[in-house]
Amino acid sequence: MNLFQIDKKDPDSKARAGYLYTDHGVIPTPVFMPVGTQGTVKAIEQRELVDYGAKIILGNTYHLYLRPGDKVVNHFDGLHKFINWKGAILTDSGGYQIFSLQDLRKLKEEGAEFKSHIDGSKHFFSPENVVDIQRNLGSDIIMVLDECTPYPAERKQARDSMELSLRWAKRSRVAFDKTDPLYGHRQFQFGIGQGSMYKDLRKEYLERMIEIDFDGNAMGGLSVGEPAEMMYELVDLSTDILPEDKPRYLMGVGTPENILTCIEMGVDMFDCVLPTRNARNGQIFTSRGKINIRNAQYKLSDELIDENVDSYAGKNFTLGYLRHLFIANEILGLQLASQQNIAFYLWLARTAREKIIDGCYSDWKKEILEKLSGGNN
RNA sequence: GGGUAGGUACCGAAGCGGUCAAACGGGGCAGACUGUAAAUCUGCUGGGCUACGCCCUACGGAGGUUCGAAUCCUUCCCUGCCCA
């Protein structure tokens, strides 16, 4: 069975509703995938994720390789069992860490040499061993090792970076084809488009990547500091090139507006740390806009956090109480905020899908964005 | 009553003649965060201005010394501790 199938296309845009068929469940798309870097979506327990409708979460190859180690995960028969998650898992490759841990790594043709951010020990990632590690992790979708090009990048730098990522992509596919899943369920491999902010490089990258024939195609190296409009142009261009019948994944994006806009451009999958990280930092995403829960204006608010979203946290606790938890530095504050934000993001993607199926996506998008910016934004 | 240590901004606490509207914490107020080195980071926190500079009010109260005092002297008030 193919990984992906389109269910319905939006009549007015490139948006599409589909399904990802993994051995850990069927995932309706567009989908938002909560980020669980170290085998946990920070501050949210697995059964809460299920309650809020999460069907697939992320893990990170770099972090899980360092701690607890992919051998340890293998000892537990894979990440699903280790973390007690029955849904699907996508693991990122460590490509983003090549970007975010620039001072701790050296790039070579063969791969990337890392100094562990935990203890300074040296490690080496290659396109091949990153496949091996992800075989050990047993994620349903594995990502190729790439270089997430820093922004801004000179054209030459972008070109060199992109050529390296392409060579790595080819090696990754070879390594993937030469190895087998370890735990009796299928694994799929996605390529990652680069090219920085240069349209022709993006286009060329994707065309050459399509030839490698990955199970899905991702767009990487975006939302790294560039203006949103620039990202939109590149996503728009990308989805014109990428094959219809394979899932399209925009990595690391983004704000609710980013996601809704890119869904309209035909993106199927998203992940982002914003809902969870910002939750821990006191920013709450609600159906009437985002709020900073620490602000004094919520001290006496007996308003519920968010009644309109399928969120236990949002429907049962007041803003005033949540503020108190943050001010008092109580753990429950982080939990409730994270739950609300994840519930909100999942609700957003789920509703987007419904609207695509109903054929009224663009109208709904316009309406909801107005509501979201109507609050305190 | 005697001795002793001290009274500094919302709180705690440095400073002990000029570079002090006063370090540093905390608290308070706001902002940032996009394939997680993040329960993190940043800014503001006496008042008023024709503000990248000036004026006013400020280191318990009142006097004094000095060109100049949070810093030295006198005295008063208050607090902690010890002895009666």
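The values are calculated or read from the model by the stated rules, or taken from the named source; none is laboratory data. Computed from a predicted model, the values in this text were never measured in an experiment. Counting neighbours? That spans all protein chains shown, and the Cβs are built from the backbone with ideal geometry, glycine included. Each accessible area value is taken on the protein alone, full model and side chains, heavy atoms only, with ligands, DNA and RNA left out. Shrake-Rupley method; radii C 1.70, N 1.55, O 1.52, S 1.80 Å.
Which fully enclosed strands (runs of 3 or more DSSP E) of the stretch A:46-141 have 1 or more residues being open to solvent by less than 40 Å² (accessible area, probe 1.4 Å) and touching a Gly at 6+ places or on another chain (Cβ under 7 Å)?
In the stretch A:46-141, A:56-60, A:88-92, A:122-125 are the strands (runs of 3 or more DSSP E) which contain 1 or more residues that are open to solvent by less than 40 Å² (accessible area, probe 1.4 Å) and touching a Gly at 6+ places or on another chain (Cβ under 7 Å).
Kindly provide the set of residues from the stretch A:258-277 that are within 17 Å of A:ALA228 (Cβ to Cβ) and not in a loop (DSSP other than H, G, I, E, B), ordered by number.
Scanning the stretch A:258-277 gives A:ASN258, A:ILE259, A:LEU260, A:THR261, A:CYS262, A:ILE263, A:GLU264, A:PHE270, A:CYS272, A:LEU274.
Checking the structure you have, find out if any residue of the stretch A:331-340 is of a type outside the set (A, V, I, L, M) and more than 20 Å from A:VAL31 (Cα to Cα).
yes
Quick check on my filter: what residues within the stretch A:84-110 are of a type in the set (D, E, K, R), in contact (Cβ under 8 Å) with a residue 60 or more places away in the chain and within 20 Å of A:VAL224 (Cβ to Cβ)?
Quick first cut of the stretch A:84-110, residues of a type in the set (D, E, K, R) only: A:86, A:92, A:103, A:105-106, A:108-110.
From what is left, the residues that are in contact (Cβ under 8 Å) with a residue 60 or more places away in the chain are A:86, A:92.
A:ASP92, the sole residue that qualifies.
Give me the residue from the stretch A:54-112 that is aromatic (Phe, Trp, Tyr) and farther than 21 Å from A:ALA175 by Cα and, out of that set, nearest to RNA strand B (Cβ to nearest atom).
Selected residue: A:PHE99.
Out of (1) over 25 Å from the mean Cα position of the chain (by Cα); (2) open to solvent by 80 Å² or more (accessible area, probe 1.4 Å); (3) within 26 Å of A:VAL50 (Cα to Cα), the odd one out for A:ASP302 is which?
Among (1) over 25 Å from the mean Cα position of the chain (by Cα); (2) open to solvent by 80 Å² or more (accessible area, probe 1.4 Å); (3) within 26 Å of A:VAL50 (Cα to Cα), the lone unmet condition for A:ASP302 is (3).
Which one is farthest from RNA strand B (Cβ to nearest atom), of the residues in the stretch A:136-189 that are of a type in the set (Phe, Trp, Tyr) and touching a helix residue (DSSP H, G or I) at 6+ places or on another chain (Cβ under 7 Å)?
A:PHE176
Working only within the stretch A:14-30, note down all residues that are open to solvent by less than 10 Å² (accessible area, probe 1.4 Å) and either more than 16 Å from RNA strand B (Cβ to nearest atom) or assigned to a strand (DSSP E or B) (or both).
First, pick out the residues of the stretch A:14-30 that are open to solvent by less than 10 Å² (accessible area, probe 1.4 Å): A:15-18, A:20, A:27, A:29-30.
Once the filter is applied, which keeps residues that are open to solvent by less than 10 Å² (accessible area, probe 1.4 Å) and either more than 16 Å from RNA strand B (Cβ to nearest atom) or assigned to a strand (DSSP E or B) (or both), the stretch A:14-30 yields A:ALA15, A:ARG16, A:ALA17, A:GLY18, A:LEU20, A:ILE27, A:THR29.
Looking only at residues that are in contact with a strand residue (DSSP E or B) (Cβ under 8 Å, 6 or more places away or on another chain) and among the aliphatic types (A, V, I, L, M) in the stretch A:264-273, which one is farthest from RNA strand B (Cβ to nearest atom)?
So the residue we want is A:VAL267.
Considering each residue of the stretch A:152-199, count those that are out of contact with any Lys or Arg (no Cβ under 6 Å at 6 or more places or on another chain), open to solvent by 40 Å² or more (accessible area, probe 1.4 Å) and hydrophobic (A, V, I, L, M, F, W, C), and give that number.
1
Identify, by number, the condition in (1) surrounded by fewer than 23 Cβ atoms within 10 Å (Cβ to Cβ); (2) of a type outside the set (Asp, Glu); (3) farther than 17 Å from A:PHE32 by Cβ that A:THR351 doesn't meet.
(3)
Matching residues to (1) of a type in the set (A, V, I, L, M, F, W, C); (2) over 20 Å from the mean Cα position of the chain (by Cα); (3) over 16 Å from A:VAL131 (Cα atoms):
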site: A:GLN189; (1), (2), (3): no, no, no
site: A:ILE210; (1), (2), (3): yes, yes, yes
site: A:GLY221; (1), (2), (3): no, no, yes
site: A:GLU226; (1), (2), (3): no, no, yes
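Residues to consider are A:ARG280, A:ARG288; find the one that is more than 12 Å from RNA strand B (Cβ to nearest atom), in contact with a Lys or Arg (Cβ under 8 Å, 6 or more places away or on another chain), in contact (Cβ under 8 Å) with a residue 40 or more places away in the chain and among the charged types (D, E, K, R).
Only one candidate passes the filter, namely A:ARG288.
Answer with yes or no whether A:ASP240 is more than 7 Å from RNA strand B (Cβ to nearest atom), surrounded by fewer than 18 Cβ atoms within 10 Å (Cβ to Cβ) and outside any strand (DSSP E or B).
Considered against the rule, which asks whether it is more than 7 Å from RNA strand B (Cβ to nearest atom), surrounded by fewer than 18 Cβ atoms within 10 Å (Cβ to Cβ) and outside any strand (DSSP E or B), A:ASP240 comes out as yes.
So A:ASN308 passes all but one of these: (1) away from RNA strand B (no atom under 12 Å from the Cβ); (2) more than 27 Å from A:GLN339 (Cα to Cα). Which condition number does it fail?
Unmet condition: (2).
So which of A:ASP245, A:ASP213, A:ASP240 is on the phi > 0 side of the Ramachandran plot and out of contact with any His (no Cβ under 7 Å at 6 or more places or on another chain)? Please lay out each step first, then the result.
Numbers: A:ASP245 fails: on the phi > 0 side of the Ramachandran plot; A:ASP240 fails: on the phi > 0 side of the Ramachandran plot.
Matching residue, one of A:ASP245, A:ASP213, A:ASP240: A:ASP213.
In the stretch A:246-262, is there at least one residue being basic (Lys, Arg) and open to solvent by 40 Å² or more (accessible area, probe 1.4 Å)?
Scanning the stretch A:246-262 turns up at least one residue that is basic (Lys, Arg) and open to solvent by 40 Å² or more (accessible area, probe 1.4 Å).
Have a look at A:ILE293, A:ILE356 and point out the one that is touching a Leu at 6+ places or on another chain (Cβ under 7 Å), open to solvent by less than 20 Å² (accessible area, probe 1.4 Å) and of a type in the set (A, V, I, L, M, F, W, C).
A:ILE293
State whether one or more residues within the stretch A:306-323 are aliphatic (A, V, I, L, M), open to solvent by 40 Å² or more (accessible area, probe 1.4 Å) and more than 22 Å from A:VAL273 (Cα to Cα).
No; the residues of the stretch A:306-323 include none that is aliphatic (A, V, I, L, M), open to solvent by 40 Å² or more (accessible area, probe 1.4 Å) and more than 22 Å from A:VAL273 (Cα to Cα).
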